[in-house]
Amino acid sequence: MKNRNAQRVTRSLTDAILAAATLLGLSAPVLAGTHPSLPGIRVISVVEVLRDHTETGPDGTLYFVNTLGVRWALVTSTSDPRIANAGDGSFHPIDEACVLSVLGTIPNAFLAPVSVEIFLLPYPRAASLSSSFDGDAIYLSPGCFPYAPAPMAGLVSHELGHAVHDALLPDTDTARWAEYEALRGIADSTVYRAGAAHANRPHEIFAEDFRVLFGGALAAGNGSVENLAVGSPVSRPEVRAFFESLVAASPSPAVPAQSAELVASSWTASPNPSRAGQSIVLQSPVGFAARNDQASGDPVTVIVFDAGGREVNRLPAGSLIEPLSVPTRDAAGHELAAGAYWARVVPADGSSRAVTVSFRRTR
């Protein structure tokens, strides 16, 4: 009877969330993997997680199943003994709008090399109650109290920092890690190592530096990091220079070497963020026309995607050698909602010379 009751409670919790989402128009389309036209980041909402990434075991346990088929039991009640502080008695998932806002704040040059799925979990995983990154995905756990905007932004950007180090500074790059560790004063492996206290792990220090330097003002807070001993990266311009050097050393995976001047990081979008009624102007690098063939003057198409990989508009917009004015409206003519977006600039020949530029819409 206990297992049957547990299964009934779990199902009612899930059904309630899905029903509320339906009433609010929050149902998400099924997306088959990362959209090829976006940087490799896919945000998977709480609604989609419940609908497509959970299953209930024979004993009533609710399991989360990621894209690779790995299963974790979920803790569906704050009264569970594994939850140290029951908070207000409910789990409060990370707000999808916050994730999109953080994505819109981080420089596109850091997002472009990243390939990751971001799961907004409705309940924490029993084996890993906290948020984490595992190389393929970021798992954002709910809180037992509603998240305040700043801690939420800080958490999202910190976990994205792990994805950035995985893409730009893998553990196999021992020379660059040694450079970073020397720069931050964490070269003593008896203190700073993977199995040390959380604040002393080099990966965590890197993620904290990324949060403060590139996660936006809300995520950065007062500039302090978890490990107070290493000091804030804000007062160390050489730390920012190191991060920027990682981007400079990383080729764009979507652009062939002979078209290096077309990498997304060399384009600009302005105003960014934009407001209702403002068009986004996409500008190619200075001197681009002089370095490219006549085909650069051919018409291009701009395709706008939201952070979930959904195409929201497609329109002709001039050529690669002139500024491209892109209205921030969807295909039906409605103003885009606040959040992060990507504009994909596609040449007439549909070649891999296309670029993707991020921008953000505010209310």
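The values are calculated or read from the model by the stated rules, or taken from the named source; none is laboratory data. All values reported here derive from a predicted model rather than from experimental measurement. Neighbour counts run over all protein chains shown; Cβ positions are idealised from the backbone, glycine included.
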### Query
When region 54-102 is examined, which residues are found to be closer than 14 Å to Ser141 by Cα and β-branched (Val, Ile, Thr)?
Val75, Thr76, Thr78, Ile83, Ile94, Val99
### Query
Does Asp166 qualify as being buried (at least 18 other Cβ atoms within 10 Å of the Cβ) and of a type in the set (D, E, K, R)?
yes
### Task
Provide a single number: the residues in region 79-113 that are assigned to a loop (DSSP other than H, G, I, E, B) and surrounded by fewer than 19 Cβ atoms within 10 Å (Cβ to Cβ).
14
### Message
With the structure loaded, tell me whether Ala249 is at pLDDT below 80, surrounded by fewer than 16 Cβ atoms within 10 Å (Cβ to Cβ) and farther than 18 Å from Val357 by Cβ or whether it fails that test.
### Response
yes
### Query
Within the bounds of region 170-177, is there any residue that is of a type in the set (Phe, Trp, Tyr), at pLDDT below 95 and in a helix (DSSP H, G or I)?
no
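For (1) of a type outside the set (Ser, Thr, Tyr); (2) over 23 Å from Gly223 (Cα atoms); (3) touching a Cys at 6+ places or on another chain (Cβ under 9 Å), each residue gets a yes or a no:
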| site | (1), (2), (3) |
| --- | --- |
| Ser79 | no, yes, no |
| Gly89 | yes, yes, yes |
| Pro93 | yes, yes, no |
| Tyr123 | no, yes, no |
### Query
Can you name every residue in region 340-361 that is of a type outside the set (D, E, K, R) and either farther than 18 Å from Ser270 by Cβ or at pLDDT 85 or above (or both)?
Val346, Pro347, Ala348, Gly350, Ser351, Ser352, Ala354
### Task
Count, please, the residues in region 136-164 that happen to be assigned to a loop (DSSP other than H, G, I, E, B) and either in contact with a Cys (Cβ under 6 Å, 6 or more places away or on another chain) or charged (D, E, K, R) (or both).
1
### Task
Scan region 33-55 and give yes if some residue there is on the phi > 0 side of the Ramachandran plot, in a loop (DSSP other than H, G, I, E, B) and either among the charged types (D, E, K, R) or modelled with pLDDT under 85 (or both), otherwise no.
yes
### Query
Checking Glu238 against (1) out of contact with any Phe, Trp or Tyr (no Cβ under 9 Å at 6 or more places or on another chain); (2) outside any helix (DSSP H, G or I); (3) among the acidic types (Asp, Glu), which test does it fail?
(2)
### Query
Identify, please: which residue in region 205-222 is in a loop (DSSP other than H, G, I, E, B) and surrounded by 13 or more Cβ atoms within 10 Å (Cβ to Cβ) and is, among those, farthest from the chain's Cα centre (by Cα)?
Gly221
### Message
For the condition closer than 25 Å to Thr105 by Cβ, outside the structural domain of Leu62 (by TED's automatic domain parsing), surrounded by fewer than 23 Cβ atoms within 10 Å (Cβ to Cβ) and of a type outside the set (A, V, I, L, M), what is the one hit in Ser141, Ser235, Ser189, Ser132?
### Response
Ser235
### Query
Is there a residue in region 147-164 that is over 25 Å from Ile106 (Cα atoms), among the small types (Gly, Ala, Ser) and in contact with a helix residue (DSSP H, G or I) (Cβ under 8 Å, 6 or more places away or on another chain)?
no
